[in-house]
Amino acid sequence: MWHITQLALRSRIITMLLALVIAGASVWAFMGLKVELMPDISLPYTTIVTVYPQATSDVVANEVTAPIEQLVWDEWSAKGLKHVTSTSSVGMSLVMAEFEYGTDMVAVENSLNEGLSKLSLPEAVINFAAMMGADVKNPQIIPINMNILPMVELSLYGDLPPDQLKQIADTQIVPVLAQVEGVLRIDTEGGEKDYIVISPDPEKMNQYGITVAQIAGILGSNYSSLSDVENISLGIDDVKLSDVATVSLSPSPSSAITRTNGRSSVGISVVKTDSANTVDTAKAINAKVVELQGILGDEITITTVFDQSDFINDSIGQLEEKAIVGGVLAVLVVFLFLWAVRASVIAAISIPLSIFFGFLCMNLAGITLNILTLSAMTIAVGRLIDDSIVIIEVIYRRMREGENFKDAAIGGAKEVATPITAATLATVAIFAPLMFVGGIVGEMFIPFGLTVTFAMLASLLVALTLIPVLSKWLIGPKHKIVKAQDNWYQKTYIRALKWTLGHRITVVTAAVVLLIGSAGLIPMIGTSFMSGAFGEETITISISLPNTADLNATDAVTAKVEALLSQNPAVRSFDSTIGTSTTSLAGIMSASQGGGGSNTATITVYLKPDADMEQEVAAISLASQGIEENEFIFINSGSGGGMGGMTGSAINLSIQGQNHEDITKVAAQLMDKLQGVDGIVDLESDLTTVIPSLSITVVPAKLATSGLSEDQIAQLQQEFVLLMNGGPLTGKTITLDNGSYPIYLMGVSNRLSDVEQAKNIKIGFPQSVTLNDVADVAIVELPSHISHTDTVLSATITGTITDKNVGAVNTAVQEQVDALPSHPGVEVVTTGIAEQMGDTFLKMGLAILAAIVIVMLIVILMMRSIRNPLLIMVSIPLAFIGSILALLVSGHTLGVSALMGILMLVGIVLTNAIVLVTMVEQNRKNGLGVKDALLEGGKTRLRPILMTAMTTILAMIPMAISVSSGTVLSAELAVVVIGGMISSTLLTLFVIPALYSLVHRNQKQSAV
């Protein structure tokens, strides 16, 4: 490799000009890099969401979910489909398909679109979009990718009714924002026009003999006020509508109320295209918001609630700062060891050149600038200067000893070009096995590995070309020839090395004991998946009232919580959503997973920068206690608008079987056992939430003798639906003095006291009979949603892991699963984080082993030997000692990021051992015995070894001590590398010579 240096020295001017041209092109490429939160990850998931208005969960499961599940299974089970899971809830179906990584998701979407168009689905499903007046496909395919979450969330509020705010949003704001380049979709939520909501009381209906059909048929179209509607006569004596039902002007149960900081608002969510630059697009959106505010005036306010680019800019700014500090510390190390300003400046040049050349390669490869790739650059800063340090040190030493510049440069390159090339190639080659890790970890860290590879190869090229060219100015023209003398740390090391060579077995044994002892510390450290957050940290308050609660009751409780938040000085802002909209993407996804409904609400709280997250969560939890009887308020922290789901610590157990009762029994048993597991909170089972449902099964014989006319019989099914689930009265509106309103008739299922009351409900108008006269009637308890896994009936138990040792909690959970009584026909499958951890740790372990084999082969090829490369590989387990101790001291767990650090160490720590053994071999070829060669080689290579180790360590310290949410993932990796470098460097200086001496103990000198 030294021939590259010789070529560069032939025309130093051309070499420097080429470096300037490449630097300019690299800066240009850097300016054009797409800036994102995370790498462009292709997730092999897709979902099919279907709205089936007013249908119960079992009807949805049978008539919608089952045929869609079968379509996906039949078409793709043999072509990359891993799992198909589904959730059928009241009025909603969600089918999620998970494929193997590498599956063509465009082909999947096209195939499913074609298949869905051929399915025979209920008429209410087909007509849903037209009925709601919304531009929504039904069923709708929603691919899952990194851009599915909103990039920017806005709030529109002011002194206007919600429906007028909604109209302004739809007509004046959405069209303007949709024109911004990079915007894919804009969703609005809240502000739906109020309905006249009529809630019949089954007891009063039975008392007066009033039917739902009678209420629907008697309603007129024009009234002065709501009071007039309440006083409508039902045609029986003096019975009025208010005698049998409550009447209110409020949002329909299928819509949502949204507020910002306690004020009625309309939420506006902006989703970008896959190819759009998040930072640039968000900046353009915010500029448009400023323009729109000027047009809207002072009475209406449009404000940004969440902006993903803020978190990206903050995180990237922090990483850039840490990279600069790390680079300065690395250069300072060079200065302190060489005590030469010129040498330090020349070494410093390699850092920005390597980084910007890496950015050029990233641009060409289509890799984005994001938290992980910038972390890779930051972590690599210390290593980027290592090759240059070794080259500068050897040239500097030779020139001070009297050699002229050219001889010193070429001779120095001959001396160290092979070892630094081997070390650099080993460092980048360790990332090759990442291609086989797969899963989300492989998708995330392959760009990370490529970024490090680009920068490292650039640093090697700079070290072998530009650094020798610039080394002409290392020493001034009037320098004195200095005879090499041992400094204080060399003298100290030589004394210690002599002792080591006299106690070789003791030293090696001590290293083995340390290695075994460090392995024993792993249970104390614990294991986890991914640390940190990928978005602005927020507090989420989930409110759940009994199923009988309507939207107004939920609204009242939410308002009380909002009042508490308004008084909290640590709260920057908060967003509330009461109920669930069936027209917004967020509402559809929530309802399809069993969440949402008129009895639920969610408040997202954004804190001020100086607020303490844990302290505020505890304070809000305490203040929320006892706000209302029978309410459930869950409060937790997470990543707002980010990818918190990827890094969450949650248990997820799927109980699968053929029989609902058996699944329910096993789920209940497992829930009881898990209550005693420490480190788990918010345990929930989707079978524990049930809703009373009116079951009506028409008996033809009863119907034939009921006396109802054919026209009435034809209308019975619609009346049954209104009784059971309620719904809008299609085509009917009531005009009051202040406007025209649609009508929503509530169902009576959740108000029935017993089955006898249900049997006596009257149906039909003008002639009426009881339900019991035409049908078999029952009140059944149905689960809020029905789940399937791979087309098999299932239930899910979820919970949040609060202990940082996620692996220990997963083990405890599995022990409880194994301790369950025998349950034939029911299988408990561990999914979620536990499944991902098990799979990822296995693949990362294999990747580390593969990396070790790869780097060993590289070193063998470069050194043309087997014995010495095997000695060099000993430095890898020596690094493991420090890594484990560093994790223990810092409080980090052994997670994916730590494993990536260990993978990086496989390549990094070999540098010192390679340059040391290479020098010893050269000394032996020059006639020295084994011991003398070791002493002389150790003394000569001590300074570059310490310099390269300290530059790597010091450059990573700013990253290691970072506590911000966007850099925690990188901090864990940096801690591992720092600990490994410290132990590997110190032990390599003694253990490698001891082992070398033992292996070559019968050889006096190398054969010539």
Ala795 versus (1) surrounded by fewer than 23 Cβ atoms within 10 Å (Cβ to Cβ); (2) touching a helix residue (DSSP H, G or I) at 6+ places or on another chain (Cβ under 8 Å); (3) not polar (S, T, N, Q): which is the lone unmet condition? (1)
Please find, within segment 353-384, the residue that is surrounded by the fewest Cβ atoms within 10 Å (Cβ to Cβ) out of those that are part of a loop (DSSP other than H, G, I, E, B) and in contact with a strand residue (DSSP E or B) (Cβ under 8 Å, 6 or more places away or on another chain). Thr368
If you check every pair at least six apart or on different chains, which have Cβ atoms under 7 Å apart with a residue in segment 551-575 that is assigned by the TED database to the domain that holds Ser598 and assigned to a strand (DSSP E or B) first and a residue that is charged (D, E, K, R) and open to solvent by 40 Å² or more (accessible area, probe 1.4 Å) second? Arg572/Lys608
If you take the residues in segment 238-252 that are without any contact (Cβ under 8 Å) to a residue 40 or more places away in the chain and either basic (Lys, Arg) or touching a helix residue (DSSP H, G or I) at 6+ places or on another chain (Cβ under 8 Å) (or both), which one is most open to solvent (accessible area, probe 1.4 Å)? Lys240
Would you point out which residue out of Asp818, Asp776, Asp803 is surrounded by fewer than 21 Cβ atoms within 10 Å (Cβ to Cβ) and either under 30 Å from Gly907 (Cα atoms) or in contact with an Asp or Glu (Cβ under 9 Å, 6 or more places away or on another chain) (or both)? Asp803
Output the residues belonging to segment 183-237 that are more than 53 Å from the chain's Cα centre (by Cα), of a type in the set (D, E, K, R) and buried (at least 18 other Cβ atoms within 10 Å of the Cβ). none
Near pairs, Cβ below 9 angstrom, 6+ apart or cross-chain, from segment 1-15 (closer than 12 Å to Ile420 by Cβ and not assigned by the TED database to the domain that holds Leu460) to any residue that is surrounded by 12 or more Cβ atoms within 10 Å (Cβ to Cβ) and not basic (Lys, Arg): none
Evaluation of Val180 against (1) open to solvent by less than 10 Å² (accessible area, probe 1.4 Å); (2) modelled with pLDDT of 90 or more; (3) not charged (D, E, K, R) (one fails), failing number: (1)
Filter segment 386-406 down to the residues that are among the polar types (S, T, N, Q) and either over 18 Å from Val333 (Cα atoms) or surrounded by fewer than 19 Cβ atoms within 10 Å (Cβ to Cβ) (or both) and list them by number. Asn404
Any chance segment 444-453 includes a residue that's surrounded by fewer than 21 Cβ atoms within 10 Å (Cβ to Cβ), farther than 22 Å from Met38 by Cβ and either at pLDDT 85 or above or not assigned by the TED database to the domain that holds Ile385 (or both)? no
Hey, any hits in segment 154-161 for a residue that's under 27 Å from the mean Cα position of the chain (by Cα) and either of a type in the set (Asp, Glu) or open to solvent by less than 20 Å² (accessible area, probe 1.4 Å) (or both)? yes
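One line per residue, one yes/no per condition, for (1) in a strand (DSSP E or B); (2) over 50 Å from the mean Cα position of the chain (by Cα); (3) surrounded by 19 or more Cβ atoms within 10 Å (Cβ to Cβ); (4) not assigned by the TED database to the domain that holds Val229:
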residue	(1), (2), (3), (4)
Gly727	yes, no, yes, no
Gly731	yes, no, no, no
Ile734	yes, no, yes, no
Ala758	no, no, yes, no
Pro766	no, yes, no, no
Can you tell me which condition Gly267 does not meet? The list is (1) in the same structural domain as Leu184 (by the TED database); (2) open to solvent by 30 Å² or more (accessible area, probe 1.4 Å); (3) modelled with pLDDT of 85 or more, and all the others hold. (2)
Mind checking which residues of segment 7-28 are in contact with a helix residue (DSSP H, G or I) (Cβ under 8 Å, 6 or more places away or on another chain) and open to solvent by less than 60 Å² (accessible area, probe 1.4 Å)? Ala8, Leu9, Thr15, Met16, Ala19, Ala23, Ala25, Ser26
Report, by residue number, each residue of segment 826-842 that is assigned to a strand (DSSP E or B) and within 17 Å of the chain's Cα centre (by Cα). Thr831
Only one residue in Ile295, Ile300, Ile268, Ile316 is under 21 Å from Met31 (Cβ atoms) and either in contact (Cβ under 8 Å) with a residue 12 or more places away in the chain or not hydrophobic (A, V, I, L, M, F, W, C) (or both). Which one? Ile316
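In the set Leu7, Leu71, Leu20, which member is assigned to a helix (DSSP H, G or I), over 24 Å from Gly317 (Cβ atoms) and in contact with a Gly (Cβ under 6 Å, 6 or more places away or on another chain)? I'd like the intermediate steps shown before the answer.
Working: Leu7 fails: in contact with a Gly (Cβ under 6 Å, 6 or more places away or on another chain); Leu20 fails: in contact with a Gly (Cβ under 6 Å, 6 or more places away or on another chain).
It is Leu71.
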Could you tell me whether any residue of segment 407-422 is farther than 21 Å from Met856 by Cβ, modelled with pLDDT of 80 or more and in contact with a Phe, Trp or Tyr (Cβ under 6 Å, 6 or more places away or on another chain)? yes
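Here are some residues: Ala216, Ala245. Which one is modelled with pLDDT of 90 or more and in contact with a strand residue (DSSP E or B) (Cβ under 7 Å, 6 or more places away or on another chain)?
Ala245
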Say whether the condition of being open to solvent by 70 Å² or more (accessible area, probe 1.4 Å), of a type in the set (Lys, Arg) and out of contact with any Cys (no Cβ under 6 Å at 6 or more places or on another chain) is met by at least one residue in segment 653-668. yes
Restricting segment 920-933 to residues that are touching a residue at least 40 places away in the same chain (Cβ under 8 Å) and open to solvent by 10 Å² or more (accessible area, probe 1.4 Å), which is farthest from the chain's Cα centre (by Cα)? Gly927
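The values are calculated or read from the model by the stated rules, or taken from the named source; none is laboratory data. Please read all numbers here as calculations on a predicted model, not as lab measurements. Quick reminder, even Gly has a Cβ in these numbers, built from the backbone with ideal geometry, and neighbours come from all protein chains shown. We work out accessible area using only protein heavy atoms, side chains counted, and drop any ligands, DNA or RNA first. Shrake-Rupley method; radii C 1.70, N 1.55, O 1.52, S 1.80 Å.
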